[in-house]
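Data block below; observations after.
The values are calculated or read from the model by the stated rules, or taken from the named source; none is laboratory data. These numbers come from a predicted model, not from an experiment. Here the Cβ positions follow ideal geometry from the backbone for every residue, glycine too, while neighbour counts run over all protein chains shown.
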Amino acid sequence: MTTDPILAQRARWAAAADWGKRFGYTCFVFAMIAFFVGLATGFNDTWGWLMFAGLIAGSVLLLPAIIVGYAVKAAERDDLGLDSGH
């Protein structure tokens with residue numbers, strides 16, 4: 001049985017997008033936890049930097065992951081002969 005190289009590459013991109021979404025949203029949750037812990041204990045530079053790092057890392061990871069995820073879904077819809085939804 002031979003596998004289509006395009007479908008295999010699309011599956012790798014989909015897996016990378018899923019990983020990026022999970023890790024990006026985890027970074028946002030980390031930033032929220034750092035905010036509420038800092039709020040409860042009195043803010044200092046450490047909690048501020050942890051929030052900042054979580055927000056920046058989440059944004060850097062999540063933006064391309066969402067775009068790639070939509071691209072994979074659009075390619076799958078195109079293969080099925082469906083419209084793009086736009």
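Condition check ((1) closer than 30 Å to L80 by Cα; (2) touching a residue at least 12 places away in the same chain (Cβ under 8 Å); (3) surrounded by 14 or more Cβ atoms within 10 Å (Cβ to Cβ)) across all residues:
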| site | (1), (2), (3) |
| --- | --- |
| I6 | yes, no, no |
| R12 | yes, no, no |
| A17 | yes, yes, yes |
| F30 | no, yes, yes |
| N44 | no, no, no |
| M51 | no, yes, yes |
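If a residue must be of a type in the set (V, I, T) and either in a loop (DSSP other than H, G, I, E, B) or under 17 Å from the mean Cα position of the chain (by Cα) (or both), how many such residues does the stretch 35-86 contain?
Count: 6.
Filtering the stretch 25-61 down to residues that are modelled with pLDDT of 95 or more and among the polar types (S, T, N, Q), which residue is nearest to V72 (Cα to Cα)?
Among residues in the stretch 25-61 that are modelled with pLDDT of 95 or more and among the polar types (S, T, N, Q), the one nearest to V72 (Cα to Cα) is S59.
Determine, yes or no, whether R22 is exposed (fewer than 12 other Cβ atoms within 10 Å of the Cβ), within 18 Å of the chain's Cα centre (by Cα) and closer than 30 Å to R77 by Cα.
When the stated conditions are applied, R22 does not pass them.
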